[in-house]
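A.B. asks: Before I ask anything, here is the structure I am working with.
The values are calculated or read from the model by the stated rules, or taken from the named source; none is laboratory data. It should be emphasised that the depicted structure is a prediction, and the values quoted were computed from it without experimental measurement. As a convention, Cβ positions derive from the backbone with ideal geometry for all residues, glycine included, and neighbour counts pool all protein chains shown. Heavy atoms of the whole protein, side chains included, go into the accessibility calculation; ligands, DNA and RNA do not. Shrake-Rupley method; radii C 1.70, N 1.55, O 1.52, S 1.80 Å.
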Amino acid sequence: MSKLYDLRPHQVKSMTMLRESFSQGLTRPLLYVPTGGGKTVIAAHIIAGALDKGRHVTFVAPRINLCDQTARSLMAQGLPKPSIMQGDHPWFDAGNRFQIATNQTLTRRRDSIKTDIYIIDEAHLNFQVITDIAEETSTPIIALTATPFTKGLGKTYNNLLKPTSIRELINNEMLTDFECYSHDVKPDLKGVKMSGGDYNNKQLGDRCSDPKLVGDIVKTWLKLGEN
């Protein structure tokens, strides 16, 4: 196997936190890493470690059109050519210990392959097949996401790991800093009912869904977009 990309400090911390989670018997961790934090690099190291131990690993991509892209990205990092479990894909090989699949394909064909560990990309999408696997088996599942806020994730995963933050990555010059601007037009909430100290969600949604133009996109960009 070719040499993998070197891990940056927060990625090293991610791997350490994953090992600690497994040592505590928490074998379904959810790794929370900001967009741009290199989740695919972390995944490559997890996959390499599993393959080196002779295990079978399945990487679950969120969409069909990402399977080939993910495969090439992981191969560029030094991993061997995977099997792609998708329709009649020419790379599919049930005997390959490294599989890439979508949740849709996995729903229909997961019994056709052996898997010792699943790695779930964009886990906040909360695939039903992964929930089923968690309920029906004891197979370890490592989840990756930048937005672990979907209701119900705690039913599948048992340890939320946060090795870094957007601000930390910006301060370490791994992400570009940003400024946020917004309009100053406030919605008219008069008459919207309150419940438990908060607005009624449906009424609030209806009131804030008025398709009114509150700014000129081009003029605002020329003013604030630094040319």
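A.B. asks: Which residue pairs have Cβ atoms closer than 9 Å, lie 6 or more positions apart in sequence or on different chains, and pair a first residue in the range 68-80 that is touching a residue at least 60 places away in the same chain (Cβ under 8 Å) and assigned to a loop (DSSP other than H, G, I, E, B) with a second residue that is of a type in the set (Lys, Arg) and surrounded by 15 or more Cβ atoms within 10 Å (Cβ to Cβ)?
C.D. replies: Here the result reads Pro80/Arg97, each pair linking the range 68-80 to a residue that is of a type in the set (Lys, Arg) and surrounded by 15 or more Cβ atoms within 10 Å (Cβ to Cβ).
A.B. asks: Just one of Gly87, Gly152, Gly78 is modelled with pLDDT under 95 and closer than 25 Å to Lys13 by Cβ; which is it?
C.D. replies: Gly78
A.B. asks: Of all residues being surrounded by fewer than 20 Cβ atoms within 10 Å (Cβ to Cβ), among the aliphatic types (A, V, I, L, M) and more than 17 Å from the chain's Cα centre (by Cα) in the range 51-93, which is farthest from Ile141 (Cα to Cα)? Just the residue, please.
C.D. replies: Going through the qualifying residues, I end up with Ala76.
A.B. asks: Which of the following residues is touching a strand residue (DSSP E or B) at 6+ places or on another chain (Cβ under 8 Å), within 18 Å of Arg28 (Cα to Cα) and among the charged types (D, E, K, R): Arg97, Arg55? So that I can check it myself, show each step before the final result.
C.D. replies: On the way: Arg97 fails: within 18 Å of Arg28 (Cα to Cα).
After applying the criteria, what remains is Arg55.
A.B. asks: Could you figure out which of (1) in contact (Cβ under 8 Å) with a residue 60 or more places away in the chain; (2) under 24 Å from Pro80 (Cβ atoms) isn't true of Val12?
C.D. replies: (1)
A.B. asks: Here's something else I'd like to know. Looking at the range 16-26, can you tell me whether even one residue there is open to solvent by less than 20 Å² (accessible area, probe 1.4 Å), in contact (Cβ under 8 Å) with a residue 40 or more places away in the chain, of a type outside the set (A, V, I, L, M, F, W, C) and within 20 Å of Ser165 (Cα to Cα)?
C.D. replies: The initial filter retains those residues of the range 16-26 that are open to solvent by less than 20 Å² (accessible area, probe 1.4 Å), namely 18, 21.
From what is left, the residues that are in contact (Cβ under 8 Å) with a residue 40 or more places away in the chain are 18, 21.
Still in the running and of a type outside the set (A, V, I, L, M, F, W, C): 21.
Then keep just the ones that are within 20 Å of Ser165 (Cα to Cα); that gives 21.
Yes - at least one qualifying residue is present in the range 16-26.
A.B. asks: Can you work out which of the residues in the range 114-159 that are under 18 Å from Gly38 (Cα atoms), among the β-branched types (Val, Ile, Thr) and in contact (Cβ under 8 Å) with a residue 40 or more places away in the chain is surrounded by the fewest Cβ atoms within 10 Å (Cβ to Cβ)? Before the answer, list the steps.
C.D. replies: Of the range 114-159, the ones under 18 Å from Gly38 (Cα atoms) are 119-124, 142-148.
Checking which are among the β-branched types (Val, Ile, Thr) leaves us with 119-120, 142, 145, 147.
Within this subset, residues satisfying the condition of being in contact (Cβ under 8 Å) with a residue 40 or more places away in the chain are 119-120, 142, 145.
Working: Ile119: 24, Ile120: 29, Ile142: 26, Thr145: 22.
Per the stated criteria, the residue is Thr145.
This table checks each residue for (1) modelled with pLDDT of 80 or more; (2) surrounded by 10 or more Cβ atoms within 10 Å (Cβ to Cβ); (3) in a loop (DSSP other than H, G, I, E, B); (4) among the polar types (S, T, N, Q).
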{"site": "Pro187", "(1), (2), (3), (4)": "yes, yes, yes, no"}
{"site": "Gly191", "(1), (2), (3), (4)": "yes, no, yes, no"}
{"site": "Leu204", "(1), (2), (3), (4)": "yes, yes, no, no"}
{"site": "Glu226", "(1), (2), (3), (4)": "no, no, yes, no"}
